[in-house]
1. First obtain the Kirkwood hydrodynamic radius of the range 16-137 from its Cα pairs, then insert it into the Stokes-Einstein equation at 20 °C and 1.002 mPa s, and state the resulting D in µm² per second as a whole number.
2. Positive end of the dipole of the range 16-137, charges at C-beta (+1 Lys, Arg; -1 Asp, Glu), about the Cα centre: which of Thr55, Ser104, Thr35 has its Cα farthest in that direction?
3. Using alpha-carbon pairs under 8 Å, 6+ residues apart, how would you state the relative contact order of the range 16-137 in percent?
4. Give me, ordered by chain and number, the residues 5 or more places off Val77 or on other chains with an amide H under 5 Å from its own placed amide H.
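Every read-out reported here was derived from the displayed coordinates using simple, explicitly stated rules and does not represent laboratory data. Since this is a predicted model, take the numbers as computed values, not measurements. Methodologically, a virtual Cβ is constructed for each residue, glycine included, from the backbone with ideal geometry; neighbour enumeration extends over all protein chains shown.
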Amino acid sequence: MEQNNGEEKNAQSPFVQTYFHGTKADLKIGDFIQTGFNSNFGQRKNAAYIFLTATLDAAIWGAELASGEGRERIYLVEATGPIEDDPDLTDRKFPGNPTKSYRSQHPFKVVGEVAVWQSHPAEQVKAMKDALAKLKEQGIESLNDN
């Protein structure tokens, strides 16, 4: 915000913040990603939240860890409502949210797709999947199942 002769003035930008969403879903530009589908984590029940990130690396993890048989994809999305920090990452693993991972109950509009990106090494993906399986065996579930 700027001050102008004692009056507060909003510094508006004509650009909307674009985020990434990693998945195996086959979507088109203009589609909306919505809640109500099975979650990729926790109890894998109908998701109350959907997720997006401001970093390509976190979106790559989302695509690599997504359930399903489809091709891994990363979409550019715009939030249509409020977003909040993802408590699984922000509160549990990365205080301060350096992964810039967020969740929302409002749809995301697909505005593009990242066509070229580099996967994590196969052994790193396997280690992450093994760690998630171990957490599940220990009964440690996602905060996003709430």
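1. Diffusion coefficient, whole number: 146 µm²/s.
2. Thr35
3. On the way: 231 pairs, mean separation 40.4, N = 122.
Rounded, it is 33 percent for the range 16-137.
4. Tyr19, Phe20, His21, Val111
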